Amino acid sequence: MTSTEAKISVQHVTKTFSLGRETFTALDDVSLDIANHEFVTVVGPSGCGKSTLMNILAGLETPTAGRALVDGAPVSGPGPERGVIFQQYALFPWLTVRQNVEFGLRTTGVPKAERRARAEHFIELVGLERFADALPKTLSGGMRQRCAIARAYAVDPSILLMDEPFGALDALTRVKLQEQLLKTWSQDKRTVLFITHDVDEAVFLANRVVVMAARPGRVYDVIDVDPAIVRDEAFRLSPEFAALRNRVWHSVYHQEGRTAALSGSHSSPS
Amino acid sequence: MSVLDKRSADQRHSRPEKEPGALPGSEAGDTTAGDTKSAREPSRSGRRGLPLALNAVSVALGIALWWALASAGFKLPTPPEVVSRAGTLISDGTLADDALASLTRVLIGFALGTAVAVPVGFLMGWYGILRGLIEPWIQFFRTIPPLAIIPLAVVAMGIDETPKIFVIFLAAFLACVISTFQGVVNVDRTLINAARVLGAGDATIFARVVVPASTPFILVGMRVGLGSAWATLVAAELIAAQEGLGYRMQNAQLYYDLPTIFVGLISIGILGLLMDRVLLLAERRLTRWQERR
């Protein structure tokens, strides 16, 4: 796949932060292409720069070297075609569910009547219609994240960037929200980059699992998952799932042994 | 710091009595849903009578102790003496005039102080350059008790209302500006990022994220500012005034008039408490969205 046809194209991106006198390399020469309508999950140990990668694509951070393209154009800041969902929900606590969902529509100047209607639609989609006028503090974690998802959907982005969105939720709520997310995605086919530290979640959701390694943050392995597979409970319990899960698991948690062996070949192409 | 401690204690006590009534009809769903947090609040409302009863007992015991000490020969007026003096001062209008004079000073100084402190605090929090320019002065003047400015203010501005209002202004301003600045600096980065990815520019982020997010800090600053304005007022009146609660007490001291001094002290306490309650109510209304643990 060449970068011109990719929806998202990350090209040799390096990001370093200076902490006092030390320099920390969050991302080291990361390249990744994501096709239109693809659902890619990124999994890796903490410190592998997966959140930094997402922030660069969101336009909240700029790469030290290399470039990130969306629809062929370099990312120069946040844009309405990229919706972001944060792990900490990031709802405005002084606004009700409805006002939160309408926030992005107000900033982009959508007229009031349409704003109302669209907010209503997405609040219903995530099943919060009974809580439309409630403040975030009265909602549970799962409800808060559903509200954040409705807020991101409301501006109708073609790309969803999700940073460990279900990380703080209990297992059951997480599974429910995963299924809801896949259902919505199978209808509207947005392009999704989903960051997680949960191997099961990465395998269950993805067309492609990108495994990253830490110190420095880099792409370590890429595992394809047949997009034809129906993502349901049967898949979750199937030997196929278990095999994929094992493969990703080893890639994530047994990096140390292979890092030394890989480091020679890794540095030579660049 | 004591004001802040008091604030959290107030919230613990008064939250249960507020919450059940505070839920408007539109939020009725909350109480029926098992997974919402407010559902368990009303169960605590049964205990609210106890702290109030304890407060009343404590006040009664304090007055009894005062009475006992006065009867035992300490140089104190007895409660009935103070009450009858209060009656006299109220009926001849002296108390009302003094209270009005004092309140006018404190409210003008406090309003000016807050009106200047909030924009300055925002500018300091938002623009690093302005912060660097303004902060040393604020930190320096913060270490000087406003009362220490009185001699200078009297010499520079005369003995009319200006120096008193200026000193009160300074007290309110210094308390509120630091708090506002802290509020702006402490705005959650994630919320600013969330607004940015939803298409908000700097002006929108300022008006719709930074201002509401720092409101709780501003209101705490205002309460601290009001407390220090009130404290400064009385001292300013002790030095140079023709009317006011502080002046009345200073005058009574010359005539060894202890009941009047007591009436003055109690009036100052009650008025300060009332003003603080009004701000507390405003704070509760404006920051109802806050999560409180």
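The values are calculated or read from the model by the stated rules, or taken from the named source; none is laboratory data. Computed from a predicted model, the values in this text were never measured in an experiment. Cβ atoms come from the backbone with ideal geometry, glycine included; neighbour counts cover every protein chain shown.
Out of B:Leu65, B:Leu61, B:Leu107, B:Leu103, which single residue is under 19 Å from the mean Cα position of the chain (by Cα) and without any contact (Cβ under 8 Å) to a residue 24 or more places away in the chain? I'd like the intermediate steps shown before the answer.
Working: B:Leu65 fails: under 19 Å from the mean Cα position of the chain (by Cα); B:Leu61 fails: under 19 Å from the mean Cα position of the chain (by Cα); B:Leu103 fails: without any contact (Cβ under 8 Å) to a residue 24 or more places away in the chain.
Exactly one of B:Leu65, B:Leu61, B:Leu107, B:Leu103 is under 19 Å from the mean Cα position of the chain (by Cα) and without any contact (Cβ under 8 Å) to a residue 24 or more places away in the chain, namely B:Leu107.
Condition check for A:Phe92 on (1) more than 30 Å from A:His121 (Cβ to Cβ); (2) touching a helix residue (DSSP H, G or I) at 6+ places or on another chain (Cβ under 9 Å): one failure, at (1). For A:Gly127, state whether it is assigned to a loop (DSSP other than H, G, I, E, B), more than 8 Å from every other protein chain (Cβ to nearest Cβ) and more than 19 Å from B:Val210 (Cα to Cα). When the stated conditions are applied, A:Gly127 passes them.
For the stretch A:9-24, a residue qualifies if it is out of contact with any Ser or Thr (no Cβ under 7 Å at 6 or more places or on another chain) and either under 30 Å from A:Asp71 (Cβ atoms) or outside the structural domain of A:Leu60 (by TED's automatic domain parsing) (or both), and the qualifying residues are A:Val13, A:Phe17.
So that you can scan it fast, the table gives a plain yes or no per residue for (1) in a loop (DSSP other than H, G, I, E, B); (2) touching a Phe, Trp or Tyr at 6+ places or on another chain (Cβ under 7 Å); (3) of a type in the set (D, E, K, R):
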position	(1), (2), (3)
B:Ala194	no, yes, no
B:Arg208	no, no, yes
B:Ala213	no, no, no
B:Met222	no, no, no
B:Arg248	no, no, yes
B:Gln253	no, no, no
B:Leu279	no, no, no
B:Ala282	no, no, no
B:Arg292	yes, no, yes
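Taking (1) in contact (Cβ under 8 Å) with a residue 60 or more places away in the chain; (2) within 14 Å of chain B (Cβ to nearest Cβ); (3) within 14 Å of the chain's Cα centre (by Cα) in turn, A:Val70 satisfies each apart from (3).
None of A:Glu129, A:Glu164, A:Glu114 is of a type outside the set (Ser, Thr, Tyr) and assigned by TED's automatic domain parsing to the domain that holds A:Leu193 except A:Glu164.
When the stretch A:81-96 is filtered for residues that are more than 7 Å from chain B (Cβ to nearest Cβ), part of a loop (DSSP other than H, G, I, E, B) and within 16 Å of A:Leu160 (Cα to Cα), the ones remaining, listed by number, are A:Glu81, A:Gln87, A:Tyr89.
Please enumerate the residues belonging to the stretch A:39-89 that are among the hydrophobic types (A, V, I, L, M, F, W, C) and closer than 21 Å to A:Leu177 by Cβ. Talk me through it step by step, then tell me what you get.
Restricting attention to the stretch A:39-89, the residues satisfying the condition of being among the hydrophobic types (A, V, I, L, M, F, W, C) are A:39-40, A:42-43, A:48, A:53-54, A:56-58, A:60, A:65, A:68-70, A:73, A:75, A:84-86.
Residues satisfying the conditions are A:Phe39, A:Val40, A:Val42, A:Val43, A:Met54, A:Ala58, A:Val84, A:Ile85, A:Phe86.
Identify all residues within the stretch B:157-166 that are at pLDDT below 90 and either crowded, with 20+ Cβ neighbours inside 10 Å or over 24 Å from the mean Cα position of the chain (by Cα) (or both); write none if there are none. Answer for the stretch B:157-166, where residues must be at pLDDT below 90 and either crowded, with 20+ Cβ neighbours inside 10 Å or over 24 Å from the mean Cα position of the chain (by Cα) (or both): B:Met157, B:Gly158, B:Ile159, B:Asp160, B:Pro163, B:Lys164. For the stretch A:67-92, residues that are within 19 Å of A:His37 (Cβ to Cβ), crowded, with 22+ Cβ neighbours inside 10 Å and not aliphatic (A, V, I, L, M) total 2.
Of all residue pairs spaced 6 or more apart or on separate chains, those with beta-carbon atoms under 6 Å, a first member in the stretch B:266-293 that is within 14 Å of chain A (Cβ to nearest Cβ) and a second member that is surrounded by 13 or more Cβ atoms within 10 Å (Cβ to Cβ) and not in a helix (DSSP H, G or I) are B:Trp289/A:Pro93; B:Trp289/A:Trp94; B:Trp289/A:Leu135.
When A:Gly109, A:Gly142 are screened for being over 30 Å from A:Asp33 (Cβ atoms) and either part of a loop (DSSP other than H, G, I, E, B) or away from every other protein chain (no Cβ under 12 Å) (or both), only A:Gly109 passes. Taking the stretch A:1-63 as the region of interest, the strands (runs of 3 or more DSSP E) fully inside it that hold 2 or more residues being at pLDDT below 90 are A:8-19, A:22-34. Within the stretch B:185-197, at least one residue is at pLDDT 90 or above, under 25 Å from the mean Cα position of the chain (by Cα) and within 14 Å of chain A (Cβ to nearest Cβ). The set of residues in the stretch A:204-243 being in a helix (DSSP H, G or I), without any contact (Cβ under 8 Å) to a residue 60 or more places away in the chain and within 13 Å of A:Val40 (Cα to Cα) consists of A:Phe204 alone.
Scanning the stretch A:146-166 for any residue that is in a helix (DSSP H, G or I) and surrounded by fewer than 17 Cβ atoms within 10 Å (Cβ to Cβ) turns up nothing.
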